[in-house]
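The values are calculated or read from the model by the stated rules, or taken from the named source; none is laboratory data. Values in this document were obtained by computation on a predicted structure and should not be read as measured data. Neighbour counts run over all protein chains shown; Cβ positions are idealised from the backbone, glycine included.
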Amino acid sequence: MVRLDSVSVSYRMRGQCVPAVEDIDAEFPAGSITAIIGPSGCGKTSLIQAMAGLVHPCSGRVLIEGEQLAGVRRKTAVIFQDYGLLPWKTARANAELPLLLAGMDQRDRRSRVESVLEELGLSAFARFYPGRLSGGMRQRLAVARALAAEPDLLLMDEPFSSLDALTRESLQETLLEVHARHGTTIVLVTHSIEEAAYLGDSLIVMGGRNPGRIASRLSRPRGQVGGLVSFRASGDFLSLTTELRRALADGPSGGLSHGSGTPGPGGAA
Amino acid sequence: MRVEGNLGKALRAAAAAAVILLLWELASLAVARSFLPGPEAALGRLVSRIANGSLLPHIAASLRRVVLALLVAAPLATALGLASGRSPALDSLVSPFVYLLHPLPKVAFLPVIMLFLGLGDVAKVFLIGIIIFGQMLVSGRDAARAVPRALVDSVRSLGARRWAVMRHVVLPASLPALLSSLRVSLGTAIAVLFLAESFAAESGLGWYIVDSWTRVDYPDMYAAIVALSVFGLACYLAVDMAEAVLCRWRNTD
Ligand SMILES: Nc1ncnc2c1ncn2[C@@H]1O[C@H](COP(=O)(O)OP(=O)(O)OP(=O)(O)O)[C@@H](O)[C@H]1O
Ligand SMILES: [Mg+2]
């Protein structure tokens, strides 16, 4: 389980302190999928980076399995929108990188990555450089690399946002399959209301800017729908997206300090 | 596809060489003076000088100087350049010196270098070395600076520390820039090598050119000029080949 205990992140820019997010309290139960959605600049990436141990919160704590996070953690994998893969390494070498960095020897790396590439349908492309893979395959490879390290926490920052609609949906299915098989705790940042509603067991809506805060929390009615694919077509899904859209438009709940920053529902993909 | 591409490239280079030789021949016929012999005289002499072994020590001497300078300067410049591109603290220390020293024409310091380091190989290697060093330092630093932060973050999130980030991200990302600055600086280095060898030396292609000039043996002089040109071309090709092997990922599309 992951817990954020009034986490604030800020950046130093030319001697000035720019707050990115402030006072974030949240819980991410083991094995759950949480979607974080919010307007541009509200600090979603900053929050993910704090959870990944890439930036240190200026106050508050990130607790993973009850322990305070002090830096990058081996069992946490992060998938970014772009730039995640190294263009000078083949698909296989990219997927092996976390294992190489952990000091695993070549034979073990090979065999583990072989099965992960297989799982994501990339075996035939093991020797390809990322530049020769399609956008969808590249993100599939990013998922493969994340899984190679056998993470218990998977953080994703707009992982599918540069993909076309069909590829995106197929990757969403892939992600759900992976989740069902491995039971990894997933935190997913997205700009898409539909994606958040479809993938998230619980949803965090953020709002505001410098600092951003949690505006509201929603959760998906779970259990009453048979299959996830049918959920997309159900009335529950529709009412959830409507609710999300309204929450996004409302912005931060106690937002007295933000007169101008009313985020519009804008890019409802 | 690729083989055909290379073949086509070789054919075009051969055609260009033929055109150059033809123009040389025509010029030599038009000028009709002993100081511009035709290519057949120069190339014939080159072949016989290589065959009787008298030119080889000079080629070897020049090659040794360039390779030595390269072996010392390139790793140092790469290490310092990449490190200062990634560390603002180091960069603020290094950059002022680069800013002041880089534009200086290093070759003008040849006399000073020779006074300090003597007339032997050390001075020549040093001069060529600082030229390669300066060029690669600057482009290594700039390339390392330009590595996207997100790429570094993604590899850090996999557990890479500073050193691993250098090895897996910064170095490969900067390699194309480093190699093309190497190509440029090798061209400069060979020009400077000629100058450095042309006085205070008894070996090297530069010395051979000047020596045959004073001996008024023009075919010999042109033979050595051709040898030096081919030498420069070979260096260029060597860097190209290194690039094709080390940056294979770039020829994917
Ligand atoms: N490296 C940085 N240096 C300085 N300020 C930063 C940096 N990264 C982010 N910020 C600040 O933090 C705020 C939140 O940025 P962040 O990238 O976390 O937002 P985001 O919600 O991920 O936005 P987007 O949806 O556009 O990705 C921004 O308004 C910006 O001012
Ligand atoms: Mg972001």
message: Give me the residue from the stretch A:134-183 that is on the phi > 0 side of the Ramachandran plot and more than 16 Å from ligand 1 (Cβ to nearest atom) and, out of that set, nearest to the other protein chains (Cβ to nearest Cβ).
response: A:Glu150
task: Would you mind telling me which numbered condition in (1) touching a strand residue (DSSP E or B) at 6+ places or on another chain (Cβ under 9 Å); (2) away from ligand 1 (no atom under 16 Å from the Cβ); (3) more than 13 Å from chain B (Cβ to nearest Cβ) A:Leu117 fails?
output: (1)
message: Any residue that is under 23 Å from the mean Cα position of the chain (by Cα), touching a residue at least 12 places away in the same chain (Cβ under 8 Å) and surrounded by 18 or more Cβ atoms within 10 Å (Cβ to Cβ) - is there at least one of those in the stretch B:146-161?
response: no
- request: Name, by its number, the condition in (1) farther than 22 Å from A:Ile64 by Cα; (2) modelled with pLDDT of 90 or more; (3) within 15 Å of the chain's Cα centre (by Cα); (4) not aliphatic (A, V, I, L, M) that does not hold for A:Ser162.
  value: (2)
- request: Restrict the check to the stretch A:47-65 and report whether at least one residue is facing chain B (nearest Cβ under 9 Å), assigned to a strand (DSSP E or B) and over 25 Å from A:Val18 (Cβ atoms).
  value: no
field: A:Arg73 vs. criteria part of a loop (DSSP other than H, G, I, E, B), in contact (Cβ under 8 Å) with a residue 12 or more places away in the chain and more than 8 Å from chain B (Cβ to nearest Cβ)
entry: yes
message: Take A:Ala93 and tell me if it is in contact (Cβ under 8 Å) with a residue 12 or more places away in the chain and either away from ligand 2 (no atom under 16 Å from the Cβ) or more than 10 Å from every other protein chain (Cβ to nearest Cβ) (or both).
response: no
task: Could you tell me which of the residues B:Ala18, B:Ala51, B:Ala13, B:Ala42 is touching a Phe, Trp or Tyr at 6+ places or on another chain (Cβ under 7 Å) and under 18 Å from B:Val230 (Cβ atoms)?
output: B:Ala42
field: Of the criteria (1) under 25 Å from B:Ala60 (Cα atoms); (2) surrounded by fewer than 16 Cβ atoms within 10 Å (Cβ to Cβ); (3) of a type in the set (Gly, Ala, Ser), which one B:Ala123 fails
entry: (2)
task: Assess whether A:Leu85 counts as being part of a loop (DSSP other than H, G, I, E, B), away from ligand 1 (no atom under 12 Å from the Cβ) and at the interface with another protein chain (Cβ under 10 Å from one of its Cβ atoms).
output: yes
message: Going residue by residue through the stretch A:32-44, is there one that turns out to be within 29 Å of A:Leu163 (Cα to Cα), part of a helix (DSSP H, G or I) and either more than 14 Å from every other protein chain (Cβ to nearest Cβ) or within 16 Å of ligand 2 (Cβ to nearest atom) (or both)?
response: yes
task: Only residues that are of a type in the set (A, V, I, L, M) and in a loop (DSSP other than H, G, I, E, B): list them for the stretch A:150-184, please.
output: A:Leu163
message: Test of understanding: among A:Ala197, A:Ala215, which residue is crowded, with 19+ Cβ neighbours inside 10 Å, away from every other protein chain (no Cβ under 14 Å), of a type in the set (A, V, I, L, M, F, W, C) and within 16 Å of ligand 1 (Cβ to nearest atom)?
response: A:Ala215
- request: Could you tell me which of the residues A:Val9, A:Val55 is within 16 Å of ligand 2 (Cβ to nearest atom), β-branched (Val, Ile, Thr) and touching a Pro at 6+ places or on another chain (Cβ under 7 Å)?
  value: A:Val9
